[in-house]
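Each remark here refers to the structure printed beneath this line.
The values are calculated or read from the model by the stated rules, or taken from the named source; none is laboratory data. Source: prediction; values computed, not measured. Methodologically, a virtual Cβ is constructed for each residue, glycine included, from the backbone with ideal geometry; neighbour enumeration extends over all protein chains shown. Calculation scope for accessible area: heavy atoms of the full protein, side chains included, ligands and nucleic acids excluded. Shrake-Rupley method; radii C 1.70, N 1.55, O 1.52, S 1.80 Å.
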Amino acid sequence: MTEPQTVGEMLARKGISRRALLRYAAWVTSIMALPSSMTRAMAQGIADTKRMSVIWLSCQECTACTESLTRSYSPTIDDLIFDFISLDYHEALQAAAGHQAEEARLKAMEDNKDNYVVIVDGSIPLGNMGYSTVAGHANADVLRETAEHALAVVAVGSCATWGGLPKADPNPTGAVSVSQIVRNTPIINISGCPPIPEAMTGTLAHVLAFGQIPELDHLGRPRAFFGNSIHDRCYRRPFYDKGLFAKSFDDEGARKGWCLYELGCKGPVTYNACATLKWNGGASWPVQTGHGCLGCSEPDFWDRGSFYKPLPASTEPLATPLAAGAVAGVAAGALASRAAKTRREILGAMSKPKDAADTTDKT
Amino acid sequence: MSLAPDKETTDGFIQAILAELATRLAELASTGIEAQIDLRSLPMDPPKRAALDAKLGKGDVTATIADRAGRTEVFETRYAGVWRLAHYDMHDTLLMEEIAIAPVPDILRADPTDMAEAAARLGAELALDTKKGHAND
Ligand code: SF4
């Protein structure tokens, strides 16, 4: 039997119908707030494309980003993404080891030049490269080499996007973000500690279906998931508006579900989709459990004072990562031009990102 | 039956959805242009949702799509061409609900690729049966 050429053929072999794909596309367009009319185009785009080669590089990280995406304890609808992509290299998940693993990465790069996607979790040490190496190669070198001919680099988690906990003062390893290493390749930042799995899978599905990255915010994050603050969409907001605040974790206000602002909630300055998508298949999210938002998707959240002090007392001005606006623009423009080499250019025109900016060297 | 308008269906939000539906349905009837409304994205508390469902009611077509990746329940409302769809994942968790304004919701139509594959498969099965028939002659 011949190898399936497209995702659609491969799904058919596995007994997953086009109707199931349409259901998946309806769900992704919904969580990404795309017009419902794009559902069929997304399903068609995914079905008609080749499986996307993905190379996952792990730098200074804790594996929670991988755990968030795979959630091995309970398969969900977005696990279909693993049928759409070919995960050609992932140090924690791949069976191959040593030279074989490195050969798999190089082969995937060669076979899919300009069309593979690199996912990075973890920050990259520049202080002493020896802090984090793979097969004797420094993270920064492997990332530069792998990103050079990638369609896009997706930085997942607050370590890859902002430097993360390894960068916490005094930053002993000289940790930096992906955007401070990668040049001339589009970067999509999906921050969070860990990031919401649907934000990762939805973004990948969008790139796969349309050959375009979704619209990004000024920090290079998909607006669909990072366009609103937690506070904007929080179900406790009516209590905030009425000035009803819990003063301790066990007082009457806490029991009545009042706003957690005075207990240190960072929801007003945090942009993420926890309040709408929630966690663990929509089961709950931090504020719903009675704990304020830590602000884990924002730059430097780890160094912005106590998690338990109300905002004015604990928050320094929001740090902006280097040339973040430009990151978004580079991502938008460069991916569009690379994708134009593929058959996806027609569908890609449907989701043109708004921003465009010059390429910026961030090192 | 009371002719007094239901308090919930006179709610401005529900009225706005119904007005949108009426416009889209008229457009479908005259031009064939289909539309969808994603109910997941609309902030509706349970009483409002119940009021909308009560107003739309159930028509005479119901369908279930069940496959390895989940399930979709579809029914036509009391208004021809206005359909309610609910999509569930493989654990029966509700993913999203939508209203489709269409002669038939897209997800119910057989896909051209699937039909071509089915035609080829049926043809091959027939050829095999004929061959077997000849062998038994
Ligand atoms: S709990 Fe936090 S996010 Fe929710 S309303 Fe209060 S301050 Fe805003």
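Its relative contact order, with pairs defined as Cα atoms under 8 Å and 6+ residues apart, puts region B:7-104 at 27 percent. If a spin label sat at a point 7 angstrom from the Cα of B:THR93 along the line to its beta carbon, the backbone N atoms of region A:244-284 nearer than 13 Å would be those of A:277-284. Distance between the 7 Å Cα→Cβ label points at A:SER37 and A:GLU110: 4.7 nm.
Residues of region B:26-64 that bury at least 50 Å² of accessible area when the other protein chains are present, relative to the chain alone (probe 1.4 Å, heavy atoms, ligands and nucleic acids excluded): B:GLN36, B:ARG40. The portion of the accessible surface of the protein assembly as shown made up by carbon and sulfur, rounded to a whole percent, is 56 (1.4 Å probe; DNA, RNA and ligands excluded).
In terms of its Cα atoms, region A:51-224 spans 40, 36, 36 Å along the principal axes, sorted from long to short.
Our coupling estimate for region A:275-291, obtained by passing each phi through the Karplus curve with A = 6.51, B = -1.76, C = 1.60 and θ = phi - 60°, is 5, 9, 7, 6, 10, 6, x, x, 5, 6, 7, x, 4, 5, 7, x, 10 Hz, Gly and Pro reported as x.
Beta-bridge orientation, the protein assembly as shown: approximately 60 percent antiparallel, per DSSP, counting only bridges with both partners inside. With the whole protein complex present, A:CYS193 retains an accessible surface near 70 Å², based on a 1.4 Å probe. Given A:LYS50/A:LYS278; A:LYS50/A:LYS113; A:LYS14/A:LYS50; A:LYS242/A:LYS309; A:LYS278/B:LYS55, which pairs have Cα atoms separated by over 24 Å? Checking Cα-Cα distances, A:LYS50/A:LYS278; A:LYS278/B:LYS55 exceed 24 Å. From its DSSP helices (H runs of at least four residues, each -39,500 (n - 2.57)), chain B gives a residue-normalised ellipticity at 222 nm of -14000 deg cm²/dmol.
On a per residue basis, the protein assembly as shown carries 45 Å² of accessible surface, using protein heavy atoms and a 1.4 Å probe. Scanning residues 5 or more positions from A:THR49 or on other chains, those with amide H under 5 Å from its amide H are A:VAL7, A:GLY8, with H placed 1.01 Å from N in the peptide plane. Summarise the long-distance tail of P(r) for the protein assembly as shown by giving the % of C-alpha pairs beyond 41 Å. Everything past 41 Å amounts to 27 percent. Between B:ASP53 and A:HIS291, the simple label model (points 7 Å from Cα in the Cβ direction) yields a spacing of 3.4 nm.
Couplings 3J(HN,Hα) for region A:92-104, derived from phi with the Karplus relation 6.51 cos²θ - 1.76 cosθ + 1.60 (θ = phi - 60°), are 7, 9, 6, 7, 5, 9, x, 4, 4, 5, 5, 5, 4 Hz, where x marks Gly and Pro. Net charge dipole, the protein assembly as shown: roughly 560 debye, given to the nearest 20, about the Cα centre with Cβ charges of +1 for Lys and Arg and -1 for Asp and Glu.
Here A:LYS247 sits with roughly 130 square angstrom of accessible surface, probe radius 1.4 Å. Taking the longest Cα principal axis of chain B as reference, the axis of helix B:112-136 is set at about 30 degrees. Amide H contacts under 5 Å for B:MET90: A:ILE77, restricted to partners 5 or more places along the chain or on a different chain, H placed in the peptide plane at 1.01 Å from N.
For the charge dipole of region B:7-104, defined by +1 on Lys and Arg C-beta atoms and -1 on Asp and Glu C-beta atoms about the Cα centroid, which residue among B:PRO46, B:PHE75, B:ALA35 has the Cα displaced farthest towards the positive pole? Value: B:PRO46.
When A:MET42, A:MET10, B:MET115, B:MET90 are compared by accessible area at a 1.4 angstrom probe, the order from most to least is B:MET115, B:MET90, A:MET10, A:MET42.
Heavy atoms of chains A and B lose about 2100 Å² of accessible surface on contact, summed over both sides with a 1.4 Å probe. Summarising the label geometry, the points placed 7 Å from Cα in the beta-carbon direction at B:THR23 and A:HIS137 lie 5.6 nm from one another. Histogrammed with a bin width of 5 Å, the alpha carbon distances of chain B distribute as 2, 8, 14, 17, 16, 12, 8, 6, 5, 4, 3, 2, 2, 1, 0, 0 percent, first bin at zero. Using the Cβ-Cβ distance between A:ALA64 and B:ALA120 with R0 = 60 Å, the FRET efficiency computed as 1/(1 + (r/R0)^6) comes to roughly 0.85.
Nearest 0.05, what FRET efficiency do A:ASN171 and A:TYR308 give at R0 = 22 Å with Cβ-Cβ as r? That pair, A:ASN171 with A:TYR308, gives E of 0.40.
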